[in-house]
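Okay, so here's the structure we're looking at.
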Amino acid sequence: MKIKKRMLVIMAIAITVVSCKKDEIKVNETTTQNSNSGNGGNSDYTPLAIGNYWVYKNYEVDSLGNETEVQYLDSVVITHDTIINGNTYYIFEGTNYPLPQNWHYIKIVRDSGDYLVNEQGKILFSSNDFSNILSEKIEIYNTGDTIYYIQFKMEQVYNSVSLPAGVFNNVYNYQGTLIVPGSSLNPRYLDNYYAPGIGEIVKTNSFVSMPKMFKKKLLRYNVN
């Protein structure tokens, strides 16, 4: 059971601070200035205001890339904010298929200026850093063997993205590359698309023990 719990890989929600990791970019938790504000920066790609919400359709994706829509919709809402170490963070709550459909915390986010980060300093997005690995994680068994390795970088999406909620341009991808030793599916790419003025429009999740992946596509939204 412990191994099964560790084998769950949910991008940006269930992936926690790395237990065994290489060096990653450090975020200064005392920084409060938003150098990107009003210039297509981080908060433009994730509008941070209480009451903003997003509703997603869910799809299961097989190893060939075929998508099958499932009956569940997911909702994510910024319910309130909180102060941590003098910085204002916004609380995202909602549901997250294929996890049980109970309402829970999704993530806690603030704009540090160069990055969107959570309360532990993990980088969740950048609108200007397309060179560095923003986050990485290695999960291992007690024997020392690697269960999986995942790293996240920003990528530019050059084509328009057509979704149930509409057509989106100037999209950025916080993309995860997942490696499972011995798997014929390596590498697997976890695409997480963000659109300016909207927020996250596509999210991809994966269990390392399953060949299929889980994708969310934006259906409707309300942002301020």
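Laboratory data are not the source of any read-out in this text; all were calculated from the coordinates shown. These figures come from a predicted structure and were not determined experimentally. Cβ: placed from backbone, ideal geometry, glycine included. Neighbour counts: every protein chain shown.
Between ASN169 and VAL70, what is the FRET efficiency for a Förster distance of 30 Å, r being their Cβ-Cβ separation, to the nearest 0.05?
The calculated FRET efficiency here is 0.60.
HN-Hα J couplings of region 158-167 from phi, Karplus 6.51/-1.76/1.60, θ = phi - 60°, integer Hz, Gly and Pro as x?
Listing the rounded values in order: 8, 9, 5, 10, 9, 9, x, 7, x, 10 Hz.
What fraction, in whole percent, of alpha-carbon pairs in region 102-168 exceed 13 Å separation?
The calculated P(r) of region 102-168 puts 75 percent of pairs beyond 13 Å.
Please work out the C-alpha center-to-center distance from region 106-141 to region 195-224 and express it in whole Å.
First find each Cα centre; the distance between them is then 17 Å.
Would you mind checking which residues have amide H under 5 Å from SER135's amide H? H placed 1.01 Å from N; only 5 or more apart, or other chain.
Those lying under 5 Å, H to H, from SER135 are PHE152.
If packing is taken as the average count of other Cβ atoms within 10 Å, what order do 62-74, 124-136 fall into, highest mean first?
124-136, 62-74
Between beta-carbons, use under 15 Å as the cut-off and find the net charge around ASN102, counting Lys and Arg +1, Asp and Glu -1.
So the environment of ASN102 carries a net charge of -2.
If I take R0 = 22 Å and measure r between the Cβ atoms of ASN128 and VAL223 in this structure, what FRET efficiency does the formula 1/(1 + (r/R0)^6) give, to the nearest 0.05? Don't jump to the answer; show the numbers that get you there.
Numbers: r = 21 Å, r/R0 = 0.96.
So the FRET efficiency works out to roughly 0.55.
Could you please report the charge total around PRO47, scoring K, R as +1 and D, E as -1 over all other residues with beta-carbon less than 11 angstrom from its beta-carbon?
Summing Lys/Arg as +1 and Asp/Glu as -1 gives -3.
Restricting attention to region 146-224, which trypsin sites (Lys or Arg not before Pro) occupy a DSSP loop and are surrounded by at most 12 other Cβ atoms within 10 Å? Don't jump to the answer; show the numbers that get you there.
Details: sites: LYS153, ARG188, LYS203, LYS212, LYS215, LYS216, LYS217, ARG220; in loops: LYS212.
Loop-located and lightly packed - none at all.
Would you please give the residues with an amide H less than 5 Å from that of VAL171, counting only those at least 5 places away or on a separate chain, with H modeled from the backbone geometry?
VAL157
Neighbouring Cβ atoms within 10 Å as the yardstick, rank TRP103, TRP54 fewest first. Mind showing how you got there, number by number?
Numbers: TRP103 12, TRP54 24.
Arranged by neighbour count, lowest to highest, TRP103, TRP54 become TRP103, TRP54.
How much length, in nm to one decimal, is gained on full extension between ASN87 and PHE207, taken as 0.36 nm per residue of separation minus their Cα-Cα distance?
Gain on stretching ASN87 to PHE207: 39.9 nm.
Taking the Kirkwood radius as the inverse of the mean 1/r across Cα pairs, report the Rg/Rh of region 52-156.
Numbers: Rg = 16.7 Å, Rh = 16.5 Å.
Across region 52-156, the Cα-based Rg/Rh ratio is 1.02.
With only alpha-carbon atoms counted, please give the Rg and Dmax of region 142-185, in Å.
16.0, 48
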